[in-house]
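No lab work stands behind these numbers, since they all come straight from the coordinates. Just so you know, these numbers come straight off a predicted model, no measurement behind them. Every residue, glycine among them, receives a Cβ derived from its backbone with ideal geometry; neighbour counts consider all protein chains shown.
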């Protein structure tokens, strides 16, 4: 498997991708970063609409409005840009969700805000589901990394909540993957299949499940 080209540099505004396998492919100018961004955005549309196997490099460059040579400045193949795109979209989800949690009133509220922000992202970028699902077969390592890194962030939040005395002790990987799985399917249901429901209301009900469970009380 060829290394992914690096999509982010310390000063490029936070776009994230794989580590650079070839330093020469790192964009070194603002113009280069804009071109790379165009290619990734175009790839998201191309892969999202046509799927990996039907998508083409020429389709990506046409959508991006760039020359074919510009593609090969940053990527060696269709596989390479697909891997970079999965990492980039994972980073964009993270960067979209993180600010939403800054004003959270505690650990439970943070999870509600995180879910609401993810639902908003899913509605704006519905292609993420097709792209990530295809990654399971096109590049299993990218697929696994996408979910593992997300679960790690949730586990870290749960751990911080436990340390602060807001959540019970002993929360870890299992609970993180359970919350992530819930969020993923809520994103599919209310971010892709049906966008009429209020995201805050959906997030509040899911958050009540986290906070209170499903056992009848009293």
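Relative contact order (percent) for the range 101-218, with alpha-carbon contacts under 8 angstrom and 6 or more residues of separation?
This gives 38 percent for the range 101-218.
Between helix 107-124 and the chain there is an angle of about 40 degrees, using the helix long axis and the longest principal axis of the Cα atoms.
Label-to-label distance, residue 50 versus residue 136, with points set 7 angstrom from Cα along the beta-carbon direction: 2.4 nm. For the chain, the 222 nm mean residue ellipticity estimated from helices alone, with every DSSP H stretch of n ≥ 4 adding -39500 (n - 2.57) and the total spread over all residues, rounds to -22500 deg cm²/dmol. Extension gain, residue 67 to residue 94, is 6.7 nm, computed as 0.36 nm per intervening residue step minus the present C-alpha separation. Taking the alpha-carbon centroid of each part, what is the distance from the range 144-189 to the range 80-111 in angstrom? After rounding, the separation between the Cα centres reads 13 Å. The C-alpha atoms of the chain define a longest principal axis, and helix 78-100 lies at about 40 degrees to it. Each residue in 68, 171, 115 was given a count of other beta-carbon atoms within 10 angstrom of its own, and listing them fewest first yields 68, 171, 115.
Highest GNM mean-square fluctuation among 109, 198, 88, for the chain modelled with Cα contacts below 10 Å: 198.
Could you state the angle between the C-alpha long axis of helix 140-163 and the longest principal axis of the C-alpha atoms of the chain, as a value from 0 to 90 degrees rounded to the nearest 10? With rounding to tens, the tilt is 30 degrees.
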